[in-house]
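Reading through the structure tokens given below for one structure.
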Amino acid sequence: MITPPVPPFTSSSGVKLRRILLIVVLVLVVAGAYGFVRLGTYLAREDPLQKSDAIFVLAGTEMTRPLEGADLYREGYAPRIVMTRETQEPAFAIIEHRGAKISSQVERARDVLIELGIPATAILIPPRIHDSTAAEAITLRELVEANHWRSVIVVSSKFHLRRAHFAFERELRGAGVQILMRGSRYDDAMPERWWRQRSDIRDILQEVPKFVAYICGLGA
């Protein structure tokens, strides 16, 4: 007489454990996919626009950000535009030492805005050289305190908005001013589909580590 094979013993606790692990894996996969898709829109956080005391245009692009500032001025959102000055390449000092004159990026942008009809008296360029968003935030705090501003629109590139908001909120905490973040309409980034453009992928890969550093208190 042949004895039928005995099926392997499986405890109910083992089955439950595998089910729990499967659920955890599925949750992590779904969360990771959601985070991947939403990463661009998370970084490109904006605020509803409202009338403000100034438009604060961050350095970093030749005309993408300044042109947005000019449009906001023309649309009546604020009576003045502040354009920050960024560090230039060391080669500029060599060029000037050799006797050649060359205007800075912010000065060229200012001249373009004036040609487009923005009054020169409405454009302010602080003398300080800015090597980081944190330095720009310090300049804004000084201007807020000196002019008693209560609302400022900060213009930047779309993927830079979240980190810039963090830096400005940190520096101006307690200053009694409302900071409104605005991404330039001339920035061709696509936050909702950031993985479809090589330039967006490159910008995201550069921005995420910087933002994490700011969150960890390492950003300057």
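Could you list all residues from the range 158-194 that are of a type in the set (A, V, I, L, M), farther than 22 Å from V144 by Cα and open to solvent by less than 30 Å² (accessible area, probe 1.4 Å)?
A189
In this structure, E207 qualifies as assigned to a helix (DSSP H, G or I), out of contact with any Asp or Glu (no Cβ under 8 Å at 6 or more places or on another chain), closer than 18 Å to A44 by Cα and touching a residue at least 40 places away in the same chain (Cβ under 8 Å).
In the set I123, I114, I118, which member is touching a strand residue (DSSP E or B) at 6+ places or on another chain (Cβ under 6 Å), at pLDDT 95 or above and β-branched (V, I, T)? Write out each step before concluding.
Working: I114 fails: touching a strand residue (DSSP E or B) at 6+ places or on another chain (Cβ under 6 Å); I118 fails: touching a strand residue (DSSP E or B) at 6+ places or on another chain (Cβ under 6 Å).
Just a single option satisfies the conditions, and that option is I123.
Being within 19 Å of the chain's Cα centre (by Cα), surrounded by 11 or more Cβ atoms within 10 Å (Cβ to Cβ), under 22 Å from R162 (Cα atoms) and of a type in the set (V, I, T) is a property that T64 has.
Looking at T87, T41, just one residue is touching a helix residue (DSSP H, G or I) at 6+ places or on another chain (Cβ under 6 Å) and within 24 Å of A213 (Cβ to Cβ), and that residue is T41.
Please state which one of H130, H148 is touching a residue at least 40 places away in the same chain (Cβ under 8 Å) and within 28 Å of A175 (Cβ to Cβ).
On the way: H148 fails: touching a residue at least 40 places away in the same chain (Cβ under 8 Å).
After ruling out the rest, the residue left standing is H130.
State whether one or more residues within the range 182-202 are in contact (Cβ under 8 Å) with a residue 40 or more places away in the chain and closer than 16 Å to T84 by Cβ. Scanning the range 182-202, I find at least one residue that is in contact (Cβ under 8 Å) with a residue 40 or more places away in the chain and closer than 16 Å to T84 by Cβ, so the answer is yes.
The residues listed here are V155, V144, V208, V212; of these, the one that is under 17 Å from the mean Cα position of the chain (by Cα), open to solvent by less than 10 Å² (accessible area, probe 1.4 Å) and β-branched (V, I, T) is V155. For beta carbons closer than 8 Å, sequence separation of 6+ or different chains, a first residue in the range 76-103 that is surrounded by 16 or more Cβ atoms within 10 Å (Cβ to Cβ) and a second that is among the small types (G, A, S) and in a helix (DSSP H, G or I), the qualifying pairs are R80/A122; I81/G69; I81/A70; I81/A122; M83/G69; M83/A109.
The values are calculated or read from the model by the stated rules, or taken from the named source; none is laboratory data. All of these numbers come straight from a predicted model, not from anything done at the bench. Neighbour counts run over all protein chains shown; Cβ positions are idealised from the backbone, glycine included. In case anyone asks, the SASA skips ligands and DNA or RNA and just uses the protein heavy atoms, side chains included. Shrake-Rupley method; radii C 1.70, N 1.55, O 1.52, S 1.80 Å.
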